[in-house]
1. Could you tell me how many of the residues in the stretch 8-48 are at pLDDT 80 or above and within 43 Å of the chain's Cα centre (by Cα)?
2. I'm trying to understand the selection: among the residues of the stretch 31-49, which are among the basic types (Lys, Arg) and outside any helix (DSSP H, G or I)?
Amino acid sequence: MNWEHDLAGEDQELKQALRHFKTSMDTWSDAAMSRPRMVAKTSVRHSWRRVASWAMGCLLAAGSLAVGVHAIYHGQQMAKLSAQKTAQQAAVEQVASGQETALPASAQAAETASVPETKAVKGNASAQDKDLLASVDRALSRTVPEAMEPLAQLMDDNEAQ
């Protein structure tokens, strides 16, 4: 039983060493917790990416709006040009068919309604129709486009020389 007595003494030494270690750790942690600390001041930083993303979003929205407005404006301008071109063509056709004054469509309708139709008026109308068809045939049977006509005339002059 001698060995049990030796183990008991070593147990006492081990227990005492562990007790000293525990008290030194408690003392160290109390000292570490009670000492004054320097706290790093956190500053609020705004990220440039957030600002850039808002700016790009606003730019995209404004660009989309501008493109839409431009498309609407361009469509209106093209409609006005088309109406003007149609009116010019109607005036050219009226001049080509022999009418000297260009009356608005409502005035022409009132004039034709007030005049009774006779054989002479019917004959004049058919002559006007033939003249109108002839002018349309001339306009469609061009050998060169309108924009190229001055150049075509120069070519005709050169061939004659």
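The values are calculated or read from the model by the stated rules, or taken from the named source; none is laboratory data. This one's a predicted model, so the numbers in the text were calculated from it and none came from an experiment. Don't worry about glycine lacking a Cβ; one is built from the backbone with ideal geometry, like all the others, and counts go over all protein chains shown.
1. Qualifying residue count for the region: 2.
2. Arg35, Arg37, Lys41, Arg45
The rows are residues; the columns are (1) surrounded by 10 or more Cβ atoms within 10 Å (Cβ to Cβ); (2) modelled with pLDDT of 80 or more.
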site	(1), (2)
Arg50	no, yes
Ser53	yes, yes
Ala90	yes, yes
Ser106	no, no
Ala113	no, no
Glu117	no, no
Leu132	yes, yes
Val144	yes, no
Met148	yes, yes
